[in-house]
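Presented below is the structure to which this report refers.
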Amino acid sequence: MPKLLQIKTSLFANQGQSSQLSDAFVAAWQASRPAAQITVRDFASAPIPHLDGVGFQAFLSQPDERSAEQQATVALSDTLIGELQAADVLVIGLPMYNLGVPSTLKSWFDHIARAGITFRYTANGPQGLLTGKKAYVFATRGGRYAGTAFDTQTDYVRNFLGFIGISEVEFVYAEGLNMGDDSRSNSLAAAQSELARIAA
Ligand SMILES: Cc1cc2nc3c(=O)[nH]c(=O)nc-3n(C[C@H](O)[C@H](O)[C@H](O)COP(=O)(O)O)c2cc1C
């Protein structure tokens, strides 16, 4: 039974364009895999807190050395990592906010990057441990940035996922969503047709 983990990062929860595109992808993907198990994390309704120094220190410490607060941080991190380890497919809704990724996505990244669990250091540099997965990213933007220096998201997200071992990453873009009705509807229609193609 294939497993899919869907991450929604839009401020607007299910109303966000990135959430709606990723929902459409998940529905199309599930249609041909009815037994699939889907897990959804919506960071608008349940944001991942910022990782602070006390929390990071918890990752480096032994279980019996951790305060109650540190135990809670590690428990959350373990849960998030467990969801990702179990998944065959990762789906991320990725709005552009102020020229970057949503801060909640960064917080999730900070909780799932754990040395010895999701990556390890080797003589040849870091090695990702979450191999054998495929990721799909639905990137929504008010403007148009793909292929320019203003696209701070694509390389960053691809590099982070690669760092933890997820090297097969496919992006679907819906750009120009705040550049008039035609731009918006054409862009969304193109993204819908692309997501239907890759979900098959
Ligand atoms: C707080 C905020 C910041 C934004 N910053 C940018 C930006 O820097 N560049 C851009 O092209 N669009 C920007 N937008 C527009 C969003 O990228 C666009 O509305 C997109 O559809 C958001 O995805 P969502 O609907 O899934 O949240 C911003 C929107 C918000 C709410």
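Worth a mention:
- Helix axis angle, 103-112 relative to the chain longest principal axis, alpha carbon, degrees: 40 degrees
- Helix-derived mean residue ellipticity, 222 nm - over the chain, DSSP H n ≥ 4, -39500 (n - 2.57), to 500: -13000 deg cm²/dmol
- Against the chain, whose longest principal axis is taken from its Cα atoms, helix 17-31 shows a tilt of about 90°.
- Solvent-accessible area, 1.4 Å probe, carbon plus sulfur percent, for the chain: 52 percent
- C-alpha long axis of helix 154-163 to longest principal axis of the chain, angle in °: 30 degrees
- Two-decimal log10 I(q)/I(0) for segment 16-153, as the Debye equation yields it once each C-alpha is a single scatterer, q = 0.09, 0.10, 0.13, 0.20 Å⁻¹: -0.34, -0.42, -0.70, -1.32
- Whole-number percent relative contact order across the chain, with pairs defined as alpha carbons under 8 Å at least 6 apart: 24 percent
- The chain - accessible surface per residue (Å², probe 1.4 Å): 48 Å²
The values are calculated or read from the model by the stated rules, or taken from the named source; none is laboratory data. On a predicted model such as this, the values are computed, not experimentally measured, just so you know. Protein only, heavy atoms only, side chains kept; ligands, DNA and RNA dropped before computing areas. Shrake-Rupley method; radii C 1.70, N 1.55, O 1.52, S 1.80 Å.
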